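Only one structure is covered here, and it is reproduced in the block below.
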Amino acid sequence: MPNIDLHSHSTISDGMLSPSQLLAHAASRGVNILALTDHDDIAGLREARHCALQENIRLINGVEISVTWNNRTLHIIGLDIDPEHPPLIDGLKKIRDGRINRARAIATQLDKYGILGSFEGACAQASASRLIGRTHFARFLVSQGHAKDVRSVFKKFLVKGKPGYVSHVWASLREAIDWIRGSGGQAVIAHPARYKLGNHLLEQLLCEFCELGGAGIEVVSSSHTPEQTRQFAQLASRMNLYASCGSDYHGPGESYFDLGRLPALPPECTPIWTAWDIPDIRESPIQ
Ligand code: AMP
Ligand code: MN
Ligand code: MN
Ligand code: MN
């Protein structure tokens with residue numbers, strides 16, 4: 001029975017394990033098919049592929065793209081992408097450049113709050129990454145004793161309305177989907193329950209997403225309650241969207257779900273992997 005996880009992070013973005021360590025960990029948890037989906041970067045895929053061969057894991061080339069839609073941040077996963085596709089490479093580089101400006105603005109705000117040196121501190125946390133994100137600020141702030149762990153430091157400093165929050169404009173939904181589709185991949189809305197959109201906006205998002213060529217939504221996610229999983233399974237089948245499943249694993253200690261421990265997709269779902277050429281799981285209703 002294949003064990004599939006289509007959402008995970010490495011040190012290339014804000015995960016804690018290098019791509020090789022992630023693949024080794026996935027193998028130790030019995031994962032057969034893994035997508036590495038670093039935020040706004042695909043630089044980990046080469047190392048991951050090398051290690052996947054050794055570990056006998058089928059690696060799906062992935063990415064998690066930061067998007068601004070309707071003044072909100074959404075995450076769009078690209079699965080089975082071509083990492084050599086120039087518009088995708090260029091688009092992601094622009095997002096990473098924007099992250100540096102945002103990081104300086106976050107540091108300026110934290111300076112005013114009396115927390116000095118956070119830009120350098122966050123950069124030091126991100127030394128294995130090609131991008132800088134709030135998680136790196138969070139780890140710096142925890143290391144300085146400003147909160148007990150990453151989760152509480154986010155609540156205290158890094159979410160809307162808190163001293164270290166800076167709003168930012170990411171890629172558009174259309175750009176993200178175009179880059180993903182242009183590279184031969186499928187666009188998937190990550191952890192849809194996290195955005196707390198309400199029925200009306202959710203419907204609007206799904207309609208726009210479908211019109212733009214989006215392919216699926218994450219139905220099983222570590223961010224979802226069992227009730228939300230049922231809700232998104234129904235939505236996916238009503239909207240003719242594929243269903244995906246991913247732990248959003250960031251590393252030991254910081255993730256609720258370990259790799260390889262995801263519940264199965266509800267039976268009404270059409271799994272996204274039925275769109276791929278993987279003969280042994282093509283007909284499989286299980287994950
Ligand atoms: P960024 O893309 O730099 O704004 O950072 C987003 C990342 O921060 C997410 O992918 C998570 O890894 C992490 N994150 C966001 N919100 C929280 C939270 N409340 N608690 C812990 N980590 C969070
Ligand atoms: Mn993250
Ligand atoms: Mn995400
Ligand atoms: Mn993620």
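A few points about this structure:
- Any chance GLY91 is away from ligand 3 (no atom under 16 Å from the Cβ), at positive phi and touching a residue at least 60 places away in the same chain (Cβ under 8 Å): no
- Residue in the range 163-180 that is among the β-branched types (Val, Ile, Thr), within 16 Å of ligand 2 (Cβ to nearest atom) and either free of Cβ contacts under 8 Å to residues at least 12 places away in the same chain or part of a helix (DSSP H, G or I) (or both) present: no
- Scope the range 244-281; condition of a type in the set (A, V, I, L, M, F, W, C), away from ligand 2 (no atom under 16 Å from the Cβ) and at pLDDT 90 or above; matching residues: CYS245, LEU262, ALA264, LEU265, CYS269, ILE272, TRP273, ALA275, TRP276
- Within the range 184-222, being open to solvent by less than 10 Å² (accessible area, probe 1.4 Å) and either hydroxyl-bearing (Ser, Thr, Tyr) or part of a strand (DSSP E or B) (or both) holds for ALA187, VAL188, ILE189, GLY216, ILE217, GLU218, VAL219, VAL220, SER221.
- Residue in the range 254-261 that is free of Cβ contacts under 8 Å to residues at least 40 places away in the same chain, away from ligand 4 (no atom under 16 Å from the Cβ) and either under 15 Å from the mean Cα position of the chain (by Cα) or open to solvent by less than 40 Å² (accessible area, probe 1.4 Å) (or both) present: no
- Filter pass, ALA105 being at pLDDT below 95, surrounded by fewer than 18 Cβ atoms within 10 Å (Cβ to Cβ) and out of contact with any helix residue (DSSP H, G or I) (no Cβ under 7 Å at 6 or more places or on another chain): no
- Selected residue (criterion: most open to solvent (accessible area, probe 1.4 Å)) from residues of the range 62-81 that are touching a strand residue (DSSP E or B) at 6+ places or on another chain (Cβ under 7 Å) and in a loop (DSSP other than H, G, I, E, B): ASP80
- Scope the range 1-44; condition part of a helix (DSSP H, G or I), more than 16 Å from ligand 2 (Cβ to nearest atom) and open to solvent by less than 10 Å² (accessible area, probe 1.4 Å); matching residues: LEU23, ALA26
- Scan the range 91-137 for residues that are under 18 Å from the mean Cα position of the chain (by Cα) and of a type in the set (S, T, N, Q) and the total you get is 2.
The values are calculated or read from the model by the stated rules, or taken from the named source; none is laboratory data. Quick caveat, the model's predicted, so the values are computed rather than measured. Ideal geometry is used to build each Cβ from the backbone, glycine not excepted, and the neighbour counts take in all protein chains shown. We work out accessible area using only protein heavy atoms, side chains counted, and drop any ligands, DNA or RNA first. Shrake-Rupley method; radii C 1.70, N 1.55, O 1.52, S 1.80 Å.
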